Amino acid sequence: MSKIIVLMTFKSARRLILASFLRLVTSPIFFFVPIMVTLQFGAFSGLILLCSLLSVRAGPHNVTIDDTDSSFNYTSSPAWDTIVWDQQSPQPLNGTNHGSTSPGAEVTFKFTGTAFYMYGYKWSDHGFRTITVDGTRTIQCDGRQGEQGSRSLIFSRENLTYTEHTVVIENTGTQGQYINIDYAIITQNTATLFPQIPEVLQLLPALD
C-alpha cells in the first residue's frame, strides 16, 4: 500500500515539475534541455525516455509579418494591387507586396508589441503617405525621400506600451504616385516555447 502511495505521489510530483518547467519563460536566451526519466519500484519496472529538444525564447524579440498576413487589411476601394516589378532588387519578401496609385488607399495593420518597422518599395515615382498610430496622426512622410529601392524602411515607432496597436497608412500623394507595402517587423516581449506547450503536455498522460 505504501509503495502505491509513494508511486502515485512521485508521478504527481513528476507531472507537476515537468509542466512547471515547460512554462518556464524567464530566461532571456535560447537553451536546450534533454530529459531522461527512469523509474523502478520493486516488481514494477519501467523505462520512460523523454528526449525533447526545447527552445525557450524570452524577453524582447522581433517577429517578421509579411504583407499577405491577416494582420494587414487593405481597402478594396481605392484598390490595391499585388504587382511585383522586375526592377525590384532584391525581390520583396516571399515574392509578394501590395501597392496602389490611388489617393485615399489605406492599409490597416494591427499587432501586439512595443515597436514596429514597416518596409516597402520606395522610388522617385512615389508620393506622400500619412501614418496614424492608435488613432493619432503621427507623420506624413515622402516616399521619394530617405532610403530608396526594395525593402526600404517606410516608417517605424518604438517604445510603445505592450498592448495591441493599430497602424493606418494612407496614400496621400497625387493620382499615379505609388505606395508600396512589403512586410513589417514587430518587437514583442512574450516568450516563445518550441515545441508549443500544449503539444508537449499531451505527452504527460504517457508518464502515468
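The values are calculated or read from the model by the stated rules, or taken from the named source; none is laboratory data. Since this is a predicted model, take the numbers as computed values, not measurements. Positions of Cβ are backbone-derived with ideal geometry, glycine not excepted, and every protein chain shown enters the neighbour counts. Side chains included, ligands, DNA and RNA excluded: accessible areas come from the protein's heavy atoms. Shrake-Rupley method; radii C 1.70, N 1.55, O 1.52, S 1.80 Å.
Remarks
- Listed peptides 122-131, 77-86 by packing density, highest first (mean Cβ within 10 Å): 122-131, 77-86
- Summed side-chain charge close to Val107 - residues other than Val107 whose Cβ falls under 10 Å, Lys, Arg +1, Asp, Glu -1: -2
- Within-12-Å neighbourhood charge of Thr64 [Cβ basis; K, R +1; D, E -1]: -3
- For Thr138, the shell of other residues with beta-carbons less than 13 Å away shows a net charge of 0, using +1 for Lys and Arg and -1 for Asp and Glu.
- When you count the other C-beta atoms within 10 angstrom of each residue and take the mean per peptide, 93-103, 142-152 line up highest first as 93-103, 142-152.
- Taken per residue, the accessible surface of the range 63-192 reaches 46 Å², heavy atoms only and a 1.4 Å probe.
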